[in-house]
């Protein structure tokens with residue numbers, strides 16, 4: 001656990017993982033990725049945890065990876081990045097996962113939900129995957145999963161043009177189960193997680209594996225994306241985009 005990731009084991013077998021870095025709209029650091037990965041690993045090893053719920057602070061699920069981390073990461077092997085280790089764990093976690101999305105869900109804030117078994121959003125949810133805009137490529141197997149959810153043309157629009165879409169469109173596309181008021185969102189996600197945790201574990205695991213399909217295809221997509229991501233991360237075009245983003249985000253008084 002870190003000061004920016006709160007992990008609570010609730011009655012009914014639900015582990016609530018709350019992203020809590022409001023001053024940065026829950027932009028994720030390496031330490032935060034490691035904490036979330038640890039929470040998932042431990043859930044898979046625990047008989048007491050039957051579901052994991054991801055939530056953010058009001059108005060921010062996650063603004064994505066902390067861009068400053070991308071700048072320093074270009075000098076290191078991406079294969080060892082905390083973000084990639086978390087993504088790989090996310091893809092292979094056996095414990096059912098639920099997402100409660102309120103406010104911004106950018107980059108990994110959106111692609112994380114593709115691995116969740118149930119996803120709920122508030123009317124304020126705003127999803128966006130600006131990988132190409134940043135000089136990068138899609139991650140978290142989104143290049144494989146998203147076209148199979150929404151069709152190739154729509155996935156191309158969302159991934160290449162970095163189109164933002166709201167909760168109602170996400171529900172229409174089949175990316176969100178339901179849209180509900182912000183003040184009910186986490187409570188509902190936890191309730192659904194509790195229902196999952198109460199189901200017979202063997203039948204749940206077998207059914208979940210059937211629904212999710214070929215894990216080898218997901219793993220292959222993760223690997224191909226990671227290799228392409230590593231190459232792009234080191235390019236001048238990506239570094240220029242990162243520096244421009246950081247310059248815009250810098251306080252005027254700084």
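Between residue 234 and residue 94, the contour length at 0.36 nm per residue exceeds the Cα-Cα span by 47.0 nm. Specify whether the C-alpha gyration tensor of the stretch 15-100 places it in the rounded, prolate or oblate class, a ≥ b ≥ c being the square roots of the eigenvalues: rounded for a/c under 1.5, otherwise prolate if a/b is larger than b/c and oblate if not. Oblate, because a/c is 1.5 or more while a/b does not exceed b/c. Taken over the chain, the alpha-carbon convex hull comes to 123 cubic angstrom per residue.
Annotation: the residues 204, 210, 19, sorted from fewest to most other C-beta atoms within 10 Å of their own C-beta, follow the order 210, 204, 19. Cβ crowding within 10 Å, taken as a proxy for footprinting-reagent exposure, orders 52, 132 from fewest neighbours to most as 132, 52. Quick check on the stretch 161-253: take the gyration tensor over C-alpha atoms, sort the square-rooted eigenvalues as a ≥ b ≥ c, and tell me if it's rounded (a/c under 1.5), prolate or oblate. Oblate shape, in that a/c is at least 1.5 and b/c is the bigger or equal ratio. Counting neighbouring beta carbons within 10 Å and listing from fewest to most, the residues 144, 33, 120 come out as 144, 33, 120. Ellipticity at 222 nm from helices only: DSSP H runs of n ≥ 4 in the chain, each -39500 (n - 2.57), divided by the residue count, give -14500 deg cm²/dmol.
Extending 7 Å from Cα along the Cβ direction at residue 154 and again at residue 214 yields two label points whose distance is 2.3 nm. Where in the stretch 186-225 does the label zone of residue 47 land, with the point 7 angstrom along Cα→C-beta and an amide N cut-off under 15 Å? Counting only backbone N, you get 201-202. Extension gain, residue 172 to residue 191, is 4.6 nm, computed as 0.36 nm per intervening residue step minus the present C-alpha separation. Axis angle, to the nearest 10 degrees, between helix 30-45 and the longest C-alpha principal axis of the chain: 20 degrees.
If you run the Gaussian network model on the chain, springs between alpha carbon atoms under 10 Å, then out of 225, 139, 45 the most flexible one is 45.
Since every read-out is calculated from the coordinates, none of them should be taken as a lab result. Values in this document were obtained by computation on a predicted structure and should not be read as measured data. No Cβ is skipped: glycine too gets one built from the backbone with ideal geometry, and neighbour counts run over all protein chains shown.
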